[in-house]
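The values are calculated or read from the model by the stated rules, or taken from the named source; none is laboratory data. All values reported here derive from a predicted model rather than from experimental measurement. Note that each Cβ is placed from the backbone with ideal geometry, even for glycine, and that neighbours are counted across all protein chains shown. Areas reflect the complete protein model, heavy atoms only, side chains present, ligands, DNA and RNA absent. Shrake-Rupley method; radii C 1.70, N 1.55, O 1.52, S 1.80 Å.
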Amino acid sequence: MPNRTVIIGTGSALPCRLVTNKDLEAVVETSDEWIRTRTGIEQRYLIGEGETNSFLAARAAKKAIEMARIRPDDLDLIIVGTFTPDMPMPSVACLVQKELGAKKAGAFDLSATCSGFIYGLSIADKFIRDNRKMKILVVGSEVLSRRTNWSDRTTCVLFGDGAGAAVVTGVREDRGILSTHLHADGSLGGLLTIKGLGTAQPVTAEMLGLGWQYIQMQGKEVFKYAVKALEAVAWEALSANNWTTDQIDLLLAHQANIRILDFLRERLGLSEDKVFININKYGNTSAASIPIALDEANRSGLLKPGMRLLMVAFGGGFTWGALAMRW
Ligand code: COA
């Protein structure tokens, strides 16, 4: 029996500030009705005083470590999927390592936007297939509210802040991660981008005036690519494992829009109870969305040993991916 990667602990953390759709009606010209019907979002949590990406990531990590019944210095590696770090350097992963006191662990951030958690788990899986004794912390954590243009109603109603985490290790049993599938198409990156604040151009008043420090998205175009890519990668994962769609026990998809989730459910012929949905409560939290959903599913007792889980994500870059596992 080859080494298999299993999740032994999950955790999540949300910031303190609850912002409802009604609250946003005072910020931009929008309505609770529009946001609900076009996106499925009812509210989101945003950071408040003293809260940062690494603060949320460390809180989620501590819960996952506690559930895994390990000590922080048992960790060999910390991977944080994020594109909204506290600062360019040190990485969120290093800040988390310090906060946890995980002295033995290597640590790095991974930039794959909303697919960051699946990309991160996929890397962890490769290490653990080589050495099943390793313990790796994989986190998805974002503070999108600091990269959101609060006068652009086409984007500001969509996003939320938060973090989710998982501790993984290896077993020689017939369960755990079965396959991972990573994809990207950089030629379409311009459809969902933050143009400024990198090193390509200096930060100038002109650049800030153009709003290049904020997420800019051509929503309709992104939507079209997202549904196609998510469906294709779901079929790819099913076929790699010889699964039929009715063998999927739970689909944990990136929570970007309820209409994308409905479309996927219909295309795969899944019943409503097989698609996990929490976008109503948190909005789109990018790399954090799947680990938050995983933690909620886990802590609510929804996940049962042997269940077949399919995770799928799509985001800026574009990046997308899938992961099939037996719980
Ligand atoms: N409140 C009220 N009206 C709004 C609005 C808001 N917050 N945002 C946009 N509108 C208006 C538009 O101005 C437009 O008006 P017009 O017809 O007079 O021009 C109308 O609503 C429809 O806008 P449109 O952009 O066509 O809406 P949509 O149905 O495509 O929904 C998104 C917009 C962003 C919700 C949707 O495109 C989406 O979810 N895209 C994909 C997001 C995604 O998957 N991201 C993936 C990775 S993060």
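Observations
- Accessible heavy-atom area order of Ser141, Ser31, highest first, probe of 1.4 Å: Ser31, Ser141
- Amide H contacts of Lys135 (H built 1.01 Å from N, in plane; Pro and chain starts excluded): Asp76, Leu77 sit under 5 Å, all sequence-distant by 5 or more or on other chains.
- FRET efficiency estimate (nearest 0.05) - Cβ-Cβ, Gln218 to Leu197, R0 22 angstrom: 0.65
- With one equal scatterer per alpha carbon and no solvent term, the Debye-computed log10 I(q)/I(0) for the chain at 0.06 1/Å reads -0.19.
- Centre separation in Å (Cα based) which lies between the stretch 49-89 and the stretch 127-195: 13
- Per residue, the accessible area of the chain comes to 43 Å², computed with a 1.4 Å probe over protein heavy atoms only.
- Report summary: the helix-based calculation at 222 nm, which adds -39500 (n - 2.57) for every DSSP H run with n ≥ 4 and divides by the residues of the chain, gives -10000 deg cm²/dmol.
- Solvent-accessible surface of protein heavy atoms, probed at 1.4 angstrom with all chains present, puts Glu173, Glu231 in the order Glu173, Glu231, largest first.
- Apportionment of accessible area to carbon and sulfur, the stretch 246-311, percent (1.4 Å): 46
- Overall Cα dimensions of the stretch 215-327 - principal axes, largest extent first, Å: 41, 29, 22
- Packing-based ranking, highest mean first, of 10-16, 78-84 given that Cβ atoms within 10 Å are counted: 78-84, 10-16
- Percent RCO, i.e. relative contact order, over the chain, from Cα pairs under 8 Å lying at least 6 residues apart: 26
- Cut-off 9 Å between beta-carbons: net charge of the residues surrounding Glu42, Lys and Arg +1, Asp and Glu -1: +2
- Among Thr199, Thr148, Thr180, residue whose mean-square fluctuation peaks in a GNM of the chain (springs only between Cα atoms under 10 Å): Thr199
- Whole-percent carbon and sulfur share, accessible surface of the stretch 4-173, 1.4 Å: 50
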